[in-house]
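What follows is a set of notes on a single structure, which appears directly below.
The values are calculated or read from the model by the stated rules, or taken from the named source; none is laboratory data. Being a predicted model, the structure only gives us computed values, none of them experimental. Glycine also receives a Cβ, built like all others from the backbone with ideal geometry; neighbour counts cover every protein chain displayed. Just so you know, the surface numbers come from the protein's heavy atoms only, side chains and all, with ligands and any DNA or RNA stripped out. Shrake-Rupley method; radii C 1.70, N 1.55, O 1.52, S 1.80 Å.
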Amino acid sequence: MNMRKFANWEGALAMLIIAEILVFGIINPRMLDINMLLYSTSDFIYIGIVALPLTLVIVSGGIDISLGSTIGLCAIVLGVVYRLGLPIELCVILTLAVGLLCGVINAILILYTGVNPLVITLGTMYLYGGSALLLSGMSGATGYEGIGGFPDGFTNFANSDFLGLPIPLVVFITALAVISLILHKTKIGRNVYLIGQNPRVTQYSGIPVKFTLCIAYGLVGLFAAISGILLVSYFGSARSDLGISFLMPAITAVVLGGANIYGGAGSVIGTALAALMVGYLQQGLQMVGVTNQISSALSGGLLIIVVVGRSIVVNKESITNWLKTKLAIKKQITIEHITNSN
């Protein structure tokens, strides 16, 4: 992994975040209000919370497209077990266990079937999503209706602040520190990179592949549960559709942050910055009066431009060498043509 390239790209992402805030701030000065910038993160930071552990999975060469359904399932589980009369603290612990279990199930199925992670997590996406709808119906909240009635202390949690920062942002920063430590400072993180770079070699080199992948996928499930709990607290109701729109933004944040979709390279800091960039982009477009349909199209176009720009920056040497080779060949052909003409 070339850390210098990642540092350059992370710096570029940070400058892009500042640039988009300034541009939107010129159009709508409210965008420059520090309180607005901090508290508006409560509308999109949950995507970043699940994108951070997803970085480990993608760096390992895998993928998990069931995370949105896992969020919905965990949210409904929280509502159902609370309706059974359990203390809210115990309900939260059980919900975290369900999320972790969902992630580990993904890893076990991938490891012991040998089927592509995309196919496995596509199946579990429907399994977890269907289970969420089933539990929702059994609890009396048919369709996408929510389960409410949570205690005020719980519903106020995600809407409160700590040291001047909204709680969801504090959770995001904490998750960033934890996942960054795991990926960049521990043996598990080194193994994740090795598995992504050459999975066949790692199987014969004594690296605990099964344990490492269970940790990576388990963390995605665990942090999906954390996002689900925060969303239930934020909205005051548990619904099976709470994570339905999180998948593509989360994957976009990981890839835009510098991760190689084929594995072997990635940066948690890059993912965090990309998540903020995507979130503030959507927030800024809404504040300047752009409709959701146009906002999605503009966001997609801008993300394509940024990803292409990243590819050029990261592969600058390869592109330069390719151009030199092409120019040298063209020059040689021209010389031969002139020589033959004479």
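Is there a residue being among the basic types (K, R) and more than 26 Å from I173 (Cβ to Cβ) anywhere in region 207-215? Steps first, please.
We begin by selecting, within region 207-215, every residue among the basic types (K, R); these are 210.
Applying the additional criterion that residues be more than 26 Å from I173 (Cβ to Cβ) yields 210.
The answer is yes; a qualifying residue exists.
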Would you list the helices (runs of 4 or more DSSP H) that sit entirely within region 1-94 and hold 2 or more residues that are in contact (Cβ under 8 Å) with a residue 12 or more places away in the chain, farther than 19 Å from N156 by Cα and open to solvent by 70 Å² or more (accessible area, probe 1.4 Å)? 3-27
Considering region 118-127 alone, what residues qualify as being buried (at least 21 other Cβ atoms within 10 Å of the Cβ) and either touching a residue at least 60 places away in the same chain (Cβ under 8 Å) or under 16 Å from A224 (Cα atoms) (or both)? T121, T124
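Kindly establish whether L183 is assigned to a helix (DSSP H, G or I), touching a residue at least 24 places away in the same chain (Cβ under 8 Å), closer than 24 Å to V80 by Cα and open to solvent by less than 30 Å² (accessible area, probe 1.4 Å).
Working: assigned to a helix (DSSP H, G or I): yes; touching a residue at least 24 places away in the same chain (Cβ under 8 Å): yes; closer than 24 Å to V80 by Cα: no; open to solvent by less than 30 Å² (accessible area, probe 1.4 Å): yes.
No: the conditions fail for L183.
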Whichever residue in region 144-178 is farther than 16 Å from F235 by Cβ and not in a helix (DSSP H, G or I) and, among such residues, is most open to solvent (accessible area, probe 1.4 Å): L163
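Does I105 satisfy the condition of being within 25 Å of R190 (Cα to Cα) and open to solvent by 40 Å² or more (accessible area, probe 1.4 Å)?
On the way: within 25 Å of R190 (Cα to Cα): yes; open to solvent by 40 Å² or more (accessible area, probe 1.4 Å): yes.
Yes: the conditions hold for I105.
Residue by residue, here is whether (1) modelled with pLDDT under 70; (2) assigned to a helix (DSSP H, G or I); (3) of a type in the set (K, R) holds:
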position	(1), (2), (3)
S240	no, no, no
P249	no, yes, no
V255	no, yes, no
A259	no, no, no
G266	no, no, no
M277	no, yes, no
G301	no, yes, no
G309	yes, yes, no
I333	yes, yes, no
Hits in region 257-272 (condition: surrounded by fewer than 24 Cβ atoms within 10 Å (Cβ to Cβ) and within 17 Å of I49 (Cβ to Cβ)): I269
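The rows are residues; the columns are (1) free of Cβ contacts under 8 Å to residues at least 12 places away in the same chain; (2) under 23 Å from L109 (Cα atoms); (3) charged (D, E, K, R); (4) open to solvent by less than 20 Å² (accessible area, probe 1.4 Å).
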site: I188; (1), (2), (3), (4): no, yes, no, no
site: P199; (1), (2), (3), (4): no, yes, no, no
site: T202; (1), (2), (3), (4): yes, yes, no, yes
site: G206; (1), (2), (3), (4): yes, yes, no, no
